[in-house]
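The values are calculated or read from the model by the stated rules, or taken from the named source; none is laboratory data. The structure displayed is predicted, hence computed values, not measured ones. Positions of Cβ are backbone-derived with ideal geometry, glycine not excepted, and every protein chain shown enters the neighbour counts. Heavy atoms of the whole protein, side chains included, go into the accessibility calculation; ligands, DNA and RNA do not. Shrake-Rupley method; radii C 1.70, N 1.55, O 1.52, S 1.80 Å.
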Amino acid sequence: MRVDLKQKILLSFYLEYQKDSSNLMDIDHHIIGVEPDLFVSALEKLENEELIIYELTYPSANPKIVSYVAITRRGIDYIENKFGIDSVLSGPEKVSKAVMSLKHSAEISKLLANLHIPVPVCNRNRVSI
C-alpha cells in the first residue's frame with residue numbers, strides 16, 4: 001500500500017504511539033524526510049481533519065518545529081481502518097500489521113529505520129519482523 005505525505009506523518013505518529021516508551025515529539029521533518037514547510041503544511045491538514053493536535057514552537061528558527069503533538073482517537077481509527085489493524089491487538093502486533101501492509105520502497109524502509117522499527121524479512125513460508 002502506498003501512502004502520501006499526510007498518511008506517512010500520521011502513520012509515523014501511530015507507530016511511535018504504539019511503543020512502550022513513546023515520544024511523538026521525536027517525529028519531525030528529518031524523520032519524515034521532507035522540508036520543514038511541507039511538514040508544517042501536512043500537520044495543519046492533519047489537524048484540520050481532526051487526526052492530530054499540535055502546537056508549533058516559536059520562534060520558528062528553533063530546531064524543534066513542534067512543541068506538542070498528539071494523535072487523536074480519530075487519527076488512531078483512521079490508521080487502523082486503512083491498514084486493517086484490529087484495535088484489540090497489542091502495540092507490537094499493531095506495528096507489525098501496519099508494517100506488513102506497506103508497499104516497501106527505499107523511502108518507507110528509511111522511514112522505518114528512522115523510527116527504529118525493524119523492516120520485515122521475507123522467508124519462503126513466513127515473514128518475520
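For the reader, a short list of remarks on this structure follows.
- Portion, in percent, of the accessible area of the chain that falls on carbon or sulfur, probe 1.4 Å: 50 percent
- For the set Lys64/Lys94; Lys6/Lys64; Lys6/Lys97; Lys19/Lys110; Lys8/Lys64, the pairs lying more than 22 angstrom apart at their alpha carbons are Lys64/Lys94.
- Calculated mean residue ellipticity, 222 nm, the chain: -13500 deg cm²/dmol, from DSSP H runs (n ≥ 4) at -39500 (n - 2.57) each, averaged per residue and rounded to 500.
- Glu47 versus Ala113: modelled label distance in nm, points set 7 Å from Cα along the beta carbon direction: 3.2 nm
- Just so you know, the Rg over Rh for the chain is 0.97, from Cα atoms, with Rh as the Kirkwood radius.
- Spin-label model, Tyr68/Ser105: points 7 Å from Cα along the beta carbon direction are separated by 3.5 nm.
- Surface analysis of segment 6-69 yields an accessible area of 53 Å² per residue, using protein heavy atoms and a 1.4 Å probe.
- The chain: relative contact order in percent, alpha carbon pairs under 8 Å with at least 6 residues between: 24 percent
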